[in-house]
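The values are calculated or read from the model by the stated rules, or taken from the named source; none is laboratory data. As the structure is a prediction and not an experimental result, all values here were calculated from the model. No Cβ is skipped: glycine too gets one built from the backbone with ideal geometry, and neighbour counts run over all protein chains shown.
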């Protein structure tokens with residue numbers, strides 16, 4: 001538990017109750033209920049447009065639900081006044097990395113430490129170096145994003161998110177923009193985080209990662225959770241016809 | 001044509017030139033501050049604020065500089081009395097006028113930064129102001145720098161229009177000499193050369209640096 005500026009404590013769990021979201025006439029999420037427990041690794045799978053990224057963006061505070069209740073670490077994100085409390089307490093890793101191109105790896109990681117957590121430059125660099133070491137990027141501190149491979153950029157992005165000591169980590173297709181041979185270096189970092197007990201919600205197309213690392217796999221289809229369970233249940237023995245269809249297509253490719 | 005007149009008038013012209021430079025420097029600072037503020041406000045979500053910023057830009061881009069200068073000067077004279085300072089009026093007029101153009105330069109630079117950069121900053125806990133200052137603004141440098149210097153060059157030349165409110169800057173000083181001597185060519189050539197001496201290096205400097213403003 002960490003405390004927010006106004007003294008509320010932030011946990012590591014997520015509760016979604018009857019969450020809906022539409023973009024214009026398109027209903028992206030229809031009445032979603034989902035719980036993520038402290039230390040749990042939940043992997044969201046499903047076709048493009050099934051709503052999994054939107055769900056993740058709602059949990060991380062980048063979008064707001066149209067209706068329903070969203071508690072992230074105990075913060076009621078559906079209350080506009082309180083939603084900003086979550087900022088800086090959850091980590092978000094994006095498909096396109098979104099590193100700050102004008103800052104080197106060290107600068108990317110220290111920015112929030114210095115400006116949000118008000119650390120001195122020395123303190124911030126010590127914390128950042130630890131985070132960069134955790135993702136195996138301690139030797140590339142001086143490199144700018146454009147001088148790093150996609151996999152390296154994504155590892156710096158993970159370090160940047162980790163450095164502020166988040167309660168929950170969200171991964172939005174973190175390996176989808178990577179060349180196939182670079183996927184492994186990122187998933188292995190994600191796996192080690194999971195082993196260390198980090199609460200994680202992961203949107204991915206990497207079924208290998210889901211199989212080996214997820215505590216629970218959630219299959220989304222057309223804005224609803226069609227099926228969920230352990231990786232064995234959902235990936236090996238899917239019950240829902242849409243899950244069967246989706247997995248058949250994924251494994252075919 | 002009396003070319004010797006150039007040497008005779010030079011001390012007088014240089015004194016006026018110094019005033020022109022002072023006016024340019026003060027106005028460049030002024031229009032950059034105004035432009036940054038108005039350009040930033042044009043990109044905020046609050047429609048009223050963005051609308052007011054847009055109105056500012058349209059009003060000053062839509063009226064000629066001499067009119068702006070006259071309004072500022074006589075407006076100030078009306079409210080502050082005729083002791084009001086011509087130099088200050090010229091600096092304010094040039095700043096608000098060029099501030100409108102500078103605002104558009106900053107706005108386009110700000111909007112060229114992908115919104116994903118703001119999202120990344122937001123999830124890290126940076127406030128809107130911190131995000132603007134430490135994430136968005138530094139990334140606008142490469143986009144903003146060349147047109148901004150171009151605008152500064154126009155401003156330097158536009159200081160000559162301050163003669164309409166009676167400021168004895170380079171242009172006005174030259175005209176006075178021409179009126180006295182009836183030798184327009186040598187004097188106006190000298191004046192043109194003095195403006196050129198300031199503006200051309202700036203333009204060269206942009207060309208040298210526009211590729212290496214942002215690392216990597």
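Every residue in the stretch B:52-69 that is over 19 Å from residue B:154 (Cα atoms) and surrounded by 15 or more Cβ atoms within 10 Å (Cβ to Cβ), please.
Hits for the stretch B:52-69 are B:53, B:54, B:56.
Would you confirm whether any residue within the stretch A:23-34 is closer than 30 Å to residue B:135 by Cα and at pLDDT below 95? For the stretch A:23-34, residues closer than 30 Å to residue B:135 by Cα and at pLDDT below 95: present. Taken over the stretch A:167-186, the criterion of being closer than 29 Å to residue A:75 by Cβ and either in a helix (DSSP H, G or I) or touching a residue at least 60 places away in the same chain (Cβ under 8 Å) (or both) is satisfied by A:167, A:168, A:169, A:170, A:171, A:172, A:173, A:174, A:176, A:186. Condition first: part of a loop (DSSP other than H, G, I, E, B) and closer than 18 Å to residue A:132 by Cα. Can you find one or more residues in the stretch A:187-196 that meet it? Yes: the stretch A:187-196 contains one or more residues that are part of a loop (DSSP other than H, G, I, E, B) and closer than 18 Å to residue A:132 by Cα. In summary, residue A:239 fulfils each of the numbered conditions (1) farther than 23 Å from residue A:28 by Cβ; (2) part of a helix (DSSP H, G or I) with the single exception of condition (2). Scanning the stretch A:129-148 for residues that are in contact with a helix residue (DSSP H, G or I) (Cβ under 6 Å, 6 or more places away or on another chain) and within 14 Å of chain B (Cβ to nearest Cβ) yields A:131, A:140, A:143, A:145.
State yes or no: is residue A:164 in contact (Cβ under 8 Å) with a residue 24 or more places away in the chain and within 11 Å of another protein chain (Cβ to nearest Cβ)? When the stated conditions are applied, residue A:164 passes them. Among the residues of the stretch B:107-136, those that are assigned to a loop (DSSP other than H, G, I, E, B) and more than 9 Å from chain A (Cβ to nearest Cβ) comprise B:112, B:113.
Within the stretch A:56-76, does at least one residue satisfy the condition of being surrounded by fewer than 23 Cβ atoms within 10 Å (Cβ to Cβ), in contact with a strand residue (DSSP E or B) (Cβ under 8 Å, 6 or more places away or on another chain) and under 30 Å from residue B:142 (Cα atoms)? Taking every residue of the stretch A:56-76 in turn, at least one turns out to be surrounded by fewer than 23 Cβ atoms within 10 Å (Cβ to Cβ), in contact with a strand residue (DSSP E or B) (Cβ under 8 Å, 6 or more places away or on another chain) and under 30 Å from residue B:142 (Cα atoms). Being at pLDDT below 95 and part of a helix (DSSP H, G or I) is a property that residue B:89 has.
The strands (runs of 3 or more DSSP E) located wholly in the stretch A:29-99 that include 3 or more residues which are within 14 Å of chain B (Cβ to nearest Cβ) and touching a residue at least 40 places away in the same chain (Cβ under 8 Å) occupy A:90-93. Within the stretch B:142-150, can one find any residue that is more than 17 Å from residue B:38 (Cβ to Cβ), in contact with a helix residue (DSSP H, G or I) (Cβ under 6 Å, 6 or more places away or on another chain) and more than 13 Å from chain A (Cβ to nearest Cβ)? For the stretch B:142-150, residues more than 17 Å from residue B:38 (Cβ to Cβ), in contact with a helix residue (DSSP H, G or I) (Cβ under 6 Å, 6 or more places away or on another chain) and more than 13 Å from chain A (Cβ to nearest Cβ): present. Counting the residues of the stretch A:100-128 that are more than 12 Å from chain B (Cβ to nearest Cβ), part of a helix (DSSP H, G or I) and under 17 Å from residue B:125 (Cα atoms) gives 3.
Against the condition over 17 Å from the mean Cα position of the chain (by Cα) and part of a helix (DSSP H, G or I), how does residue B:94 come out, does it pass? Considered against the rule, which asks whether it is over 17 Å from the mean Cα position of the chain (by Cα) and part of a helix (DSSP H, G or I), residue B:94 comes out as no. The condition of being surrounded by 19 or more Cβ atoms within 10 Å (Cβ to Cβ), away from chain A (no Cβ under 14 Å) and modelled with pLDDT under 90 holds for only one of B:155, B:167, that being B:167.
Conditions tested, residue by residue: (1) crowded, with 16+ Cβ neighbours inside 10 Å; (2) out of contact with any helix residue (DSSP H, G or I) (no Cβ under 7 Å at 6 or more places or on another chain).
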residue: A:81; (1), (2): no, yes
residue: A:89; (1), (2): yes, yes
residue: A:97; (1), (2): yes, no
residue: A:101; (1), (2): yes, no
residue: A:114; (1), (2): yes, no
residue: A:124; (1), (2): yes, no
residue: A:150; (1), (2): yes, no
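A Cβ distance below 6 Å, combined with a sequence gap of six or more or placement on separate chains, defines the contacts here; from the stretch B:168-181, residues that are more than 17 Å from residue B:23 (Cβ to Cβ) reach residues that are at pLDDT 90 or above and buried (at least 16 other Cβ atoms within 10 Å of the Cβ) in the pairs B:177/B:187; B:178/B:187. Only one of the listed residues (B:46, B:18, B:23) is more than 14 Å from the chain's Cα centre (by Cα) and either modelled with pLDDT of 95 or more or over 29 Å from residue B:115 (Cα atoms) (or both). That residue is B:18.
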